[in-house]
Amino acid sequence: MLKDIAFGQYYPVSSFLHRADPRMKLLSLVAFIVAIFLASNFYGIGLCILGFALALAASRVPVRKVFRSVKGILFLLVFTAIIQLFFYKGETVLFSWWKIVVTKEALFYTLFLILRLVLLVTVASLLTFTTTPVSLTDGLESLLYPLKLIRFPVHELALIMSIALRFIPTLIEETERIMNAQKARGAEFERGSLFSRAKAVIPVLIPLLISAFRRAEELGDAMDARCYAGSKVRTKYKKISFGWRDLVIFLVMAGLIAGVVLVKQLPGMVF
Amino acid sequence: MRIEVKHLSYTYHSSAPFSAYALQDINLTIEEGEFFGIIGHTGSGKSTFVQHLNALIKLPTAEKKFKPKKVRKGQPAPVYPSIRIGTYDLGDKKTDFKELRSKVGIVFQYPEYQLFAETVALDVAFGLRNFSKTPLSQEETEEKVKEAIEAVGLDYHAVKDASPFDLSGGQKRRVAIAGVIVTKPEILILDEPAAGLDPLGKREIMELLHRLHASWCKTVIIVSHDMDEISENCTRAAVFSASRLKFCMPPSELFLHAEELETLGLDIPVTAKIQRELQKLGVEVHSDFTNEDFVRRVLERVGGTSC
Amino acid sequence: MKAVNFENVAFSYREEDEFSLKNVSFSVEEGEFVAVLGHNGSGKSTLARLTNGLLHLTGGKITVFGTDVSDEKNLFEIRKKVGIVFQNPDNQTVASIVEDDIAFGPENIGVAREEIARRVDWALDAVGMTEYKQRMVSSLSGGQKQRVAIAGVLALKPQIMILDESTAMLDPKGRREIMDVVKKLNREEGMTILLITHFMEEALAADRAIVMNRGEIVMRGTPEEIFERHEELETYNLALPRIGVLCEMLKKGGMPVRYVLTPEELAKEIAACASK
């Protein structure tokens, strides 16, 4: 079901991570991604996993919810795994049949890659689980503030993002509704060639687009009616401020990056 | 076609434990020829129920990967939900579900939002093309589309080449209904067919449904919040609340349970409210809650011109 | 003082089009509750969008507390005074979380942070949604979403609230919730209400009603006066509520009931006949 897409869903509890400054969380996400890519061996990835486990514990989001976001990239995972497993050049042959050769190196590399991808997705989803869309965009707006000097529409960008996040559940629901309606009229989405499947999408896509335009228009009116006039006189309801939690996060992230760089020196398999 | 539902339960695959059941042990039979009403709040399970009727949600035993549970000695055999519609067994993997869907038409809420084709005629023909097992000739298609468009009370020649998006709201809804009845379903299910329409539009849609019931679809099932609509139109009505079936009976009996309905947060028809007030004032009137019967009974009780 | 005043207002969407409003004049006093009735497409929804300058009138004059709407300079001030709740509960909320959405209006007009917090709490309380403050908007029912929309408008502290078919997409329960909130706002806060609807029952709560047909005002009066002229109403594609139909049928059957609008009143009428 489409509803299983977990990305962009806020999980409303109060936790250490929930209360942290969204700017710090955004920066930490960037730092985390850097760390994941800096890691070149299993020690490094191990440290990243440790860091992720800490964040997870500090978020009070159920583990199952976080890992559900992996479902969305399952296809990508399997696809990469197969490619890497068979085509990565290694030396120690573990298994061979006909033209298919699997080596020890390929196996480890595949495992490494999967860990990397899963970490990327789960860490990113942890951000949306612990940060409301508004504070996320407030954080982004604040971080991108310097761009305002070159007249980059930072506020508008942030608002667009926040509205997009707000409408994700609505549009998912609507897609399901339209799909059901067309299925009841005999449309089939799971069967047939790639071409006929692509064609089957049209009766869903057109109503969806039309409704999205209608929604956009109505939302525009509603925003105008509520005195929206850009960022000139605008104030903010939620204050974002740097606190002790953010200092802790900063130190942990600094530690993680330093650690990942240090363990690069350790002997063992390098990817 | 008769609808026979037994032991229907359904759970969401949701991690939230409190919303686990969407339906719990529903047993319900709808006879051929009924004008049946389904009542319930959002989240009462009524939509999930309706989606089962044309296999938009399949029964567990009809799923490809279904394997019957092994029964240990001394334990009762597991009870699987079953739905039979006419000769179709919805719990059987081998059932032709596509054919079933052409026999059980569903018009969803605000059906005008599912229109997509360039012209009205093409949109109405969509279901026809999908369901026909052999390609239909141009003439045949045109004939059937024409019949369906006229059946919903629109002028075929005036609208067939128009874009569905240029029509008025009421017309769009009729086109959407035509797109469902074009396959001549024996059972027609409509979710809130009058939602968002003004009083006149509402009345027209209900009249249309009665016309279709008389001439086109043997059984009509409407999902509605409007108790006045139910009491005026339906032969029987089922009330869903918190995933269970609470009542299933003719409106004339159902609305005698006014207090229970109100504790479920549901309304009662105006006629039932007046009868209740009259009772408080010491005037007993019992009707089947339709306008005609109510007025006749009141006049009988009170005496028409005499007062 | 006149909260809203329409003087010979005309409007068409495009120049070459037929007028969708013709020669519309009416006014709403401060603190008054006025219902605008009309079938779909009668032009009644255009009124709301004209009143706060979302649409620009083609002719005539509209003033809000004496301020001319057609002057672009006044728009911001007017929108602060006139709040509109629209039809579709899904298309009015900007933020994902209830409190963030309610804060959107006050943020736009530059209200200070502490005051926004006070207004959010007050508005939530006024619509009875305090316990939903931190919830996701998408998890609410239609009626609850509309109550959030009302709160979002209230947080701007408007003097007039226009409900533009705000109950049309709701179930009876949601409709009752909204009407209860609206009546309370009118009674307790003295809010001026302009209720645009095709549900005749809802018009009952109003002090006065006007009926629109083909872009013109065709009837004016108290809701009772308007329902009395039910035959005329039918010609404007408006149907009596079921209770009106019953009164009509009883009358035809020879029972001299007055036109009444609630089950309680009709029961009394019938009982009075019975006791004679």
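The values are calculated or read from the model by the stated rules, or taken from the named source; none is laboratory data. Only a predicted model underlies this, so the values are computations on that prediction, with no experimental measurement involved. Using ideal geometry, Cβ is built from the backbone for each residue, glycine included, and neighbour counts are taken over all protein chains shown. In case anyone asks, the SASA skips ligands and DNA or RNA and just uses the protein heavy atoms, side chains included. Shrake-Rupley method; radii C 1.70, N 1.55, O 1.52, S 1.80 Å.
For the residue pair C:GLN134 and B:LYS94, what label-to-label distance in nm results when each label sits 7 Å from Cα along the Cα-to-beta-carbon direction?
Roughly 5.6 nm, to one decimal.
Can you tell me, using C-alpha contacts under 8 Å and at least 6 residues apart, the relative contact order of segment B:97-220 as a whole percent?
38 percent
By DSSP, what percent of the beta bridges with both residues in chain C are antiparallel, rounded to the nearest 5?
Values: 19 of 37 bridges.
Just about 50 percent of them are antiparallel.
So what J values fall out for segment A:81-97 if you push phi through Karplus, 6.51 cos²θ - 1.76 cosθ + 1.60 with θ = phi - 60°, rounded to Hz, Gly and Pro as x?
4, 4, 4, 5, 4, 8, 10, 5, 7, x, 10, 7, 6, 9, 7, 8, 8
Search the structure for amide H atoms under 5 Å from the amide H of B:ALA237, placed 1.01 Å from N in the peptide plane, and list their residues when 5 or more places away or on another chain.
Here the answer is B:GLY37, B:MET249, since their amide H atoms fall under 5 Å of that of B:ALA237.
Using only the Cα atoms of segment B:3-268, build the gyration tensor, take square roots of its eigenvalues as a ≥ b ≥ c, and label the shape rounded, prolate or oblate: rounded if a/c is under 1.5, else prolate if a/b is larger than b/c, else oblate.
Because a/c hits 1.5 or more and a/b fails to exceed b/c, segment B:3-268 counts as oblate.
Work out the P(r) tail for segment B:106-149: percent of alpha carbon pairs separated by more than 11 Å, whole number.
Numbers: 655 of 946 pairs.
Tail of P(r) above 11 Å: 69 percent of Cα pairs.
Taking a cut-off of 13 Å between Cα atoms, list the aspartates and glutamates near A:LYS104, but don't count ones fewer than 8 places away on the same chain.
Straight-distance partners of A:LYS104: A:GLU91.
Once you have a ≥ b ≥ c as the square roots of the Cα gyration tensor eigenvalues for segment B:2-76, tell me rounded if a/c is under 1.5, and otherwise prolate or oblate according to whether a/b is larger than b/c.
Oblate shape, in that a/c is at least 1.5 and b/c is the bigger or equal ratio.
Ignoring ligands, DNA and RNA, how much accessible area is buried between chains B and C, both sides summed, with a 1.4 Å probe, to the nearest 100 Å²? Write down the numbers at each step before the final one.
Details: alone 16420 and 13640 Å², together 27080 Å².
By this definition, chains B and C bury close to 3000 Å².
Can you give the alpha-carbon Rg of segment C:135-276 over 2.2 N^0.38 Å, where N counts its residues?
1.22
Please report, as a whole percent, how much of the solvent-accessible surface of segment B:3-268 comes from carbon and sulfur atoms (probe radius 1.4 Å).
Whole-percent figure for carbon plus sulfur exposure: 50.
Quick check on packing: order A:66-74, C:35-43 by the mean number of other C-beta atoms within 10 Å, highest mean leading.
Working: A:66-74: 16.1, C:35-43: 23.4.
Going from most to least packed, we get C:35-43, A:66-74.
Give me the percent relative contact order of segment B:3-268, please, defined on Cα pairs under 8 angstrom at least 6 residues apart.
Relative contact order here is 26 percent.
Counting only protein chains, not ligands or nucleic acids, how are A:CYS227, B:CYS248 ordered by accessible area (probe 1.4 Å), most first?
Ranking A:CYS227, B:CYS248 by accessible area, largest first, yields B:CYS248, A:CYS227.
Ordering C:THR93, A:THR92 by how much accessible area each has at a 1.4 Å probe, largest first, what is the list? Working shown, then result.
Values: C:THR93 0, A:THR92 65 Å².
Greatest to least solvent exposure: A:THR92, C:THR93.
For the protein assembly as shown, would you read off the P(r) tail past 46 Å as a percentage of all alpha carbon pairs?
36 percent
Taking 20 Å as the cut-off for C-alpha to C-alpha distance, list the pairs among A:LYS239/C:LYS80; A:LYS236/C:LYS80; A:LYS236/C:LYS73 that go past it. Before the final figure, lay out the partial values.
Working: A:LYS239/C:LYS80 24 Å; A:LYS236/C:LYS80 18 Å; A:LYS236/C:LYS73 25 Å.
Too far apart for the 20 Å limit: A:LYS239/C:LYS80; A:LYS236/C:LYS73.
Pairs to check: B:LYS70/B:LYS103; B:LYS146/C:LYS22; A:LYS25/C:LYS133. Give those whose C-alpha atoms are more than 28 Å from each other in this structure.
The answer is B:LYS70/B:LYS103; B:LYS146/C:LYS22.
Taking θ = phi - 60°, what integer Hz values does the Karplus form 6.51 cos²θ - 1.76 cosθ + 1.60 yield along segment A:27-38, in sequence order, with x for Gly and Pro?
3J(HN,Hα) across segment A:27-38, in whole Hz: 5, 5, 4, 4, 4, 4, 4, 4, 4, 4, 7, 5.
Given a 10 angstrom Cα cut-off, can you work out which residue in A:VAL233, A:VAL101, A:VAL204 is the most mobile in a GNM of chain A?
Fluctuation is largest for A:VAL233.
Using the alpha carbon gyration tensor of segment A:1-80, what are the three equivalent-ellipsoid semi-axes (square root of 5 times each eigenvalue), largest first, in whole Å?
Numbers: eigenvalues 89, 83, 27 Å².
Equivalent ellipsoid of segment A:1-80: 21, 20, 12 Å, largest first.
Give me the accessible area of B:HIS213, 1.4 Å probe, in Å² rounded to the nearest 10.
B:HIS213 exposes around 50 Å² with every protein chain in place.
Rounded, prolate or oblate: which one fits segment A:90-248, using the alpha carbon gyration tensor with axes a ≥ b ≥ c (rounded when a/c is under 1.5, else prolate when a/b beats b/c, else oblate)?
Because a/c hits 1.5 or more and a/b fails to exceed b/c, segment A:90-248 counts as oblate.
Please name whichever of A:GLY44, A:MET161, A:GLY259 sits farthest to the positive end of the charge dipole of segment A:2-263, dipole taken about the Cα centre and charges placed at Cβ: Lys and Arg +1, Asp and Glu -1.
Checked the options; the winner is A:MET161.
For segment B:50-101, what is the Kirkwood estimate of the hydrodynamic radius, computed as the reciprocal of the mean inverse distance between distinct Cα atoms, to one decimal in Å?
So the Kirkwood estimate lands at 12.1 Å.
Can you list the residues of segment C:68-92 whose accessible area drops by at least 40 Å² going from the chain on its own to the full set of protein chains, with a 1.4 Å probe?
C:PHE76, C:ARG79, C:PHE86, C:ASP90, C:ASN91
Hey, what did chain A get for relative contact order, percent, Cα under 8 Å, at least 6 apart?
The value is 34 percent.
What percent of all Cα-Cα pairs in segment A:156-242 falls into each 10 Å bin, going from 0 up to the bin containing the maximum distance?
Going from the shortest bin to the longest, the percentages are 13, 34, 24, 16, 10, 2.
Leaving out same-chain residues fewer than 8 places away, which aspartates and glutamates sit with a Cα under 18 Å from that of B:LYS6?
Output for B:LYS6: B:ASP25, B:GLU31, B:GLU32, B:GLU63, B:ASP89, B:ASP92.
Lysines near C:LYS268 by alpha-carbon distance under 18 Å, same-chain residues fewer than 8 away left out - which ones?
B:LYS273, B:LYS280, C:LYS251, C:LYS276
Quick check: the distance between the Cα centres of segment C:78-133 and segment B:127-165, to the nearest angstrom?
One Cα centre to the other: 48 Å.
Would you work out which of C:GLY60, C:PHE104, C:LEU154 lies farthest towards the positive end of the dipole of segment C:2-223, given +1 charges on the beta-carbon of Lys and Arg and -1 on that of Asp and Glu, about the Cα centre?
In segment C:2-223, that residue is C:LEU154.
Using 5 Å bins from zero, what percent of all Cα-Cα pairs in segment C:2-223 falls into each bin?
Pairs per bin, as whole percents: 1, 7, 15, 19, 20, 17, 11, 6, 2, 0, 0.
Per residue, what accessible area does segment B:3-268 have, given a 1.4 Å probe and all protein chains present, in Å²?
For segment B:3-268, the solvent-accessible area averages 45 Å² per residue.
Return the long-range amide H neighbours of C:GLU29 (sequence gap of 5 or more, or a different chain), with a cut-off of under 5 Å between placed amide H atoms.
Those lying under 5 Å, H to H, from C:GLU29 are C:ALA3.
If you bin every alpha carbon distance in chain A into 10 Å steps from zero, what whole percent lands in each bin?
6, 21, 26, 25, 17, 5, 1, 0
Looking at B:VAL124, B:GLY40, B:ALA195, which one has the Cα that reaches farthest to the positive end of the dipole of chain B (charges on Cβ: Lys, Arg +1; Asp, Glu -1)?
Of the listed residues, the answer is B:GLY40.
Can you list the HN-Hα couplings for segment B:293-302, worked out from phi with the Karplus curve (6.51, -1.76, 1.60; θ = phi - 60°), rounded to whole Hz and with x for Gly and Pro?
Listing the rounded values in order: 5, 4, 5, 4, 5, 4, 5, 4, 5, 8 Hz.
Any of B:LYS172/B:LYS202; B:LYS46/C:LYS173; B:LYS172/C:LYS173; C:LYS157/C:LYS184 with alpha carbons more than 22 Å apart? Name them for me.
Long pairs (Cα-Cα over 22 Å): B:LYS172/C:LYS173.
Among A:TYR11, A:TYR88, A:TYR109, whose mean-square fluctuation peaks in a Gaussian network model of chain A (Cα, cutoff 10 Å)?
Sorting by GNM fluctuation, first place goes to A:TYR88.
In square angstrom and rounded to 100, what buried accessible area do you get between chains B and A, total over both, with the probe at 1.4 Å?
On the way: alone 16420 and 17420 Å², together 32040 Å².
Buried: approximately 1800 Å² between A and B.
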